[in-house]
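Trainee: Sharing a structure, written as structure tokens. Questions coming.
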Amino acid sequence: MSNQSGVLFIVATPIGNLEDISERGRRVLAEVDLIAAEDTRHSKKLLLHLGITTAMSSYHDHNENAAAAGIVEQIKQGRNVALISDAGTPLIHDPGYQLVKMAHENGIKVVPIPGASAVITALSAAGLATDRFIFEGFLADKQTARRKQMQALAGEPRSLVFYEAPHRILAFVQDCVAIFGEGRQACIARELSKYYETIKTDTLANLLSWLEADENQRKGEFVIVVQGSDEIFEDGEEEAIRVLKILLQGHPVKQASTLAAEITGLKKNALYKLALDLHKQNQGDQST
Ligand code: SAM
């Protein structure tokens, strides 16, 4: 038995197109002593394609604790282990958290091998803001709970990323229209990297009509990106208007918005836009 601990590799695998495995990922999978896979039968196809014969063990949601302890023990004995999931990056809405946590707790080196993940792949092509985003994964199955979750995100300014299953995609987009509004921009990214890959960005209302009109667009795997809310003021708009109206009586628009930002703590750019609107309105009122 070796006294030197092995390494835990977290290896991203393709989300559809088998060419999307990295050279490094392929090498690590071939070189490790064991591959812990979410579904060994599923991953066998990938390993066969890659010509890899490394032994596999199963690591999934239902045996996570026991399997993690077993794997950690093996690594402590000097074996190198790679964790893979059915598709994409392990732990991104896939099993692995317990194992990585336990590895850290046991001083085991964890080496991630980056690669595909549906969330990042969709964001890269959606044509929506990607500087800040929130990944929400799958929302609740039941409509009431799902709408409640969406409601809590309605004022969120960052882009929202969801995963969704084909049997719920229509209901999901219907709920998006009801909660985020018809005019909000969104992207439906379907079957990424696969034959039927479709990436469509439009208003939620148009996306819903498009899905309703074509049953084929409701098949496969989905990522939905919804543009963040541009309601910059949320609860503070009334107060902003009150303060700006007073300030505009004695100050030009720019100065009024700077002062209003200091008074209210709200964003200067947004206040400037609002001040311009109020100023124009004011001029309109005076000329009539
Ligand atoms: N670990 C994976 C990753 O890194 O993206 C995600 C696994 S999660 C259990 C599976 C979900 O990811 C699917 O139901 C779908 O929402 C999304 N997904 C996975 N592959 C996809 C693809 N090729 N196109 C669109 N969405 C995909």
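Trainee: Out of the residues in segment 124-166 meeting the condition of being open to solvent by 70 Å² or more (accessible area, probe 1.4 Å) and within 25 Å of Asn216 (Cβ to Cβ), tell me which one is farthest from the chain's Cα centre (by Cα).
Mentor: The residue in question is Gln143.
Trainee: Could you tell me which numbered condition Ile113 fails, if it satisfies all but one of (1) open to solvent by 20 Å² or more (accessible area, probe 1.4 Å); (2) in contact with a helix residue (DSSP H, G or I) (Cβ under 9 Å, 6 or more places away or on another chain)?
Mentor: Tallying (1) open to solvent by 20 Å² or more (accessible area, probe 1.4 Å); (2) in contact with a helix residue (DSSP H, G or I) (Cβ under 9 Å, 6 or more places away or on another chain), Ile113 fails exactly one: (1).
Trainee: Hey, among the residues in segment 95-108 that are within 12 Å of Ile10 (Cα to Cα) and touching a Leu at 6+ places or on another chain (Cβ under 7 Å), which one's most open to solvent (accessible area, probe 1.4 Å)?
Mentor: Ranking the candidates gives Tyr97 first.
Trainee: Still on this structure, please answer the following. Here is a list: Ile169, Ile199. Which entry is touching a strand residue (DSSP E or B) at 6+ places or on another chain (Cβ under 9 Å), within 16 Å of the ligand (Cβ to nearest atom) and open to solvent by 30 Å² or more (accessible area, probe 1.4 Å)?
Mentor: Ile199
Trainee: Could you check segment 68-88 and list, in sequence order, the residues that are over 31 Å from the mean Cα position of the chain (by Cα) and either part of a strand (DSSP E or B) or within 16 Å of the ligand (Cβ to nearest atom) (or both)?
Mentor: The answer is none; no residue qualifies.
Trainee: Looking at (1) more than 22 Å from Ser22 (Cβ to Cβ); (2) in a helix (DSSP H, G or I); (3) over 25 Å from the mean Cα position of the chain (by Cα), find the lone condition where Glu64 falls short.
Mentor: The single condition Glu64 does not satisfy is (3).
Trainee: Just to be sure, is Phe180 within 15 Å of the ligand (Cβ to nearest atom) and touching a strand residue (DSSP E or B) at 6+ places or on another chain (Cβ under 9 Å)?
Mentor: Considered against the rule, which asks whether it is within 15 Å of the ligand (Cβ to nearest atom) and touching a strand residue (DSSP E or B) at 6+ places or on another chain (Cβ under 9 Å), Phe180 comes out as no.
Trainee: Let me spell it out: the conditions are (1) more than 23 Å from Tyr195 (Cβ to Cβ); (2) away from the ligand (no atom under 15 Å from the Cβ); (3) not in a strand (DSSP E or B), and Val100 meets all of them except one. Which number is the exception?
Mentor: Unmet for Val100, out of (1) more than 23 Å from Tyr195 (Cβ to Cβ); (2) away from the ligand (no atom under 15 Å from the Cβ); (3) not in a strand (DSSP E or B): (2).
Trainee: Could we say that Val110 is in contact with a strand residue (DSSP E or B) (Cβ under 9 Å, 6 or more places away or on another chain) and away from the ligand (no atom under 15 Å from the Cβ) here?
Mentor: When the stated conditions are applied, Val110 passes them.
Trainee: Now a separate question. Kindly list the number of the only condition in (1) within 16 Å of the ligand (Cβ to nearest atom); (2) under 21 Å from Glu31 (Cβ atoms); (3) open to solvent by 40 Å² or more (accessible area, probe 1.4 Å); (4) without any contact (Cβ under 8 Å) to a residue 60 or more places away in the chain that fails for Ile120.
Mentor: Here Ile120 clears every test but (2).
Trainee: Please enumerate the residues belonging to segment 183-196 that are among the basic types (Lys, Arg) and either buried (at least 19 other Cβ atoms within 10 Å of the Cβ) or more than 16 Å from the ligand (Cβ to nearest atom) (or both).
Mentor: Within segment 183-196, Arg184, Arg190 qualify.
The values are calculated or read from the model by the stated rules, or taken from the named source; none is laboratory data. On a predicted model such as this, the values are computed, not experimentally measured, just so you know. When we count neighbours, we look across all protein chains shown, and the Cβ atoms used for this are built from the backbone with ideal geometry, even at glycine. Heads up: the accessible areas ignore ligands, DNA and RNA and are worked out on the full protein's heavy atoms, side chains in. Shrake-Rupley method; radii C 1.70, N 1.55, O 1.52, S 1.80 Å.
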